[in-house]
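Only one structure is covered here, and it is reproduced in the block below.
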Amino acid sequence: MPQLGATAVIAGFVLVSAVLIKRAMASETCTSPDSRVSLGDGNSIPAVGFGMYYTPPGAVAYDIVKEAIKIGYRHIDTAGFYENEADVGRAVKDSGVPRDQIHITSKVWPEAEGRWQTDAYNMVLEHVKASVEKLGTHADLYLIHWPVNPEQRVDYWLALEEAQKQGLVKSIGVSNFGVAHMQKLIDDPRTTVVPAANEVELHPFLRQDEIEAFCKPRGIRLIAYSPLSRAKRLDNPVIQEVAKAHGATPAQIHVRWSVQHGYVPLPKSVRTERVAENIDVFKFEITPAEMEKLDALDERLFTEWEEWGNLDPTKMD
Ligand SMILES: NC(=O)c1ccc[n+]([C@@H]2O[C@H](COP(=O)([O-])OP(=O)(O)OC[C@H]3O[C@@H](n4cnc5c(N)ncnc54)[C@H](OP(=O)(O)O)[C@@H]3O)[C@@H](O)[C@H]2O)c1
């Protein structure tokens with residue numbers, strides 16, 4: 001009986017904590033580009049980030065990051081895969097904004113072959129160290145880029161836990177992970193840290209309700225990539241109608257929809273005027289009725305993975 005009582009108390013505590021985290025995450029209001037929202041591990045992250053995928057390394061990447069910081073972005077999303085970590089690091093350093101006011105996310109891209117199959121733990125640690133060297137500073141958030149190699153995934157994660165202990169990265173998380181992937185990581189007796197965030201493709205034309213239902217009560221922040229649906233639906237009549245009602249642009253409606261849901265969108269552009277447009281989303285609020293209309297636009301539009309045959313990485317083995 002006493003054992004049952006203790007179990008009930010622990011279960012009650014877990015339930016109350018989950019409800020409190022969920023409420024706290026839902027009620028955070030963002031009023032400016034540097035507004036922050038919580039991550040599951042107690043750290044925080046600026047509510048809108050600047051995407052760096054397909055931004056050519058070198059002068060283009062360096063200049064646009066400096067420009068984005070000047071405009072007001074305080075969060076840059078890069079990755080080893082994007083080959084522009086060094087430019088991001090230099091631009092952040094030269095921006096004149098104190099390092100602790102800027103959040104940098106980077107990621108490791110495991111391959112499906114070679115040492116990734118046999119020595120995953122060391123491979124991830126080596127990649128984290130290479131990222132930190134290129135950035136010239138720690139990463140505020142470091143992610144496993146995609147859930148390839150089911151047998152190695154826990155080793156990836158243990159390496160990130162070690163990188164966090166060594167102070168190379170502040171928070172650790174995952175990207176393109178589905179519910180089953182996250183559940184397996186959390187349930188494995190060797191892991192001790194719950195992912196602080198999961199970065200997935202997420203926009204009005206591709207909602208992630210199942211993943212959100214799993215993440216929210218556990219404090220795992222959803223970071224929305226391709227938040228502009230890669231500009232493929234800017235002419236959608238509902239998007240246009242809501243934009244018109246607020247004197248906003250279709251891209252701004254995409255970003256604002258994410259922010260109001262508590263997701264962290266990462267709009268990308270290499271054009272200064274669009275970089276400014278995409279973060280200018282704190283002067284208006286989409287009404288609940290409009291949010292409902294936008295929520296109904298989901299058509300499972302995978303913009304990132306269409307060239308891979310519309311593979312849904314969150315459903316991989
Ligand atoms: N974790 C992952 O696996 C993953 C995968 C994909 C993306 N991401 C992250 O998420 C970021 C954003 O995603 P994304 O780059 O795929 O797509 P996105 O931000 O949804 O869309 C970018 C596209 O929209 C255009 N665009 C930007 N602002 C616009 C505006 N105001 N009006 C019209 N067109 C506009 C851009 O062109 P211009 O540049 O010419 O303006 C570019 O072609 C990435 O850069 C990356 O950091 C992560």
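At-a-glance table
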{"item": "Condition broken by Glu162, with the remaining ones in (1) touching a Leu at 6+ places or on another chain (Cβ under 7 Å); (2) more than 25 Å from Ser44 (Cα to Cα) satisfied", "result": "(2)"}
{"item": "Members of the range 276-317 that are within 15 Å of the ligand (Cβ to nearest atom), hydrophobic (A, V, I, L, M, F, W, C) and farther than 18 Å from Gly247 by Cα", "result": "Leu297, Leu301, Phe302, Trp305, Trp308, Leu311, Met316"}
{"item": "Members of the range 175-195 that are farther than 21 Å from Tyr53 by Cβ and in a loop (DSSP other than H, G, I, E, B)", "result": "Asp188, Pro189, Arg190, Thr191, Thr192, Val193, Val194"}
{"item": "Residues satisfying the stated conditions in the range 91-123, i.e. within 21 Å of the chain's Cα centre (by Cα) and either of a type in the set (Lys, Arg) or at positive phi (or both)", "result": "Arg99, Lys107"}
{"item": "Identity of the residue in the range 228-247, outside any helix (DSSP H, G or I) and over 25 Å from Lys66 (Cα atoms), that ends up farthest from the ligand (Cβ to nearest atom)", "result": "Gly247"}
{"item": "Of the criteria (1) in contact (Cβ under 8 Å) with a residue 40 or more places away in the chain; (2) of a type in the set (Gly, Ala, Ser); (3) within 11 Å of the ligand (Cβ to nearest atom); (4) part of a helix (DSSP H, G or I), which one Ala224 fails", "result": "(4)"}
{"item": "Candidates Arg90, Arg23, Arg36, Arg115 - the one that is loosely packed, with under 15 Cβ neighbours inside 10 Å, modelled with pLDDT of 90 or more and away from the ligand (no atom under 16 Å from the Cβ)", "result": "Arg115"}
{"item": "Subset of the range 268-317 (residues that are closer than 28 Å to Gln183 by Cα, assigned to a loop (DSSP other than H, G, I, E, B) and in contact with a Phe, Trp or Tyr (Cβ under 6 Å, 6 or more places away or on another chain))", "result": "Glu299, Leu301, Asn310, Leu311"}
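The values are calculated or read from the model by the stated rules, or taken from the named source; none is laboratory data. Keep in mind that this is a model prediction, so the values were computed, not measured. All Cβ positions, glycine included, derive from the backbone under ideal geometry; neighbour counts span all protein chains shown.
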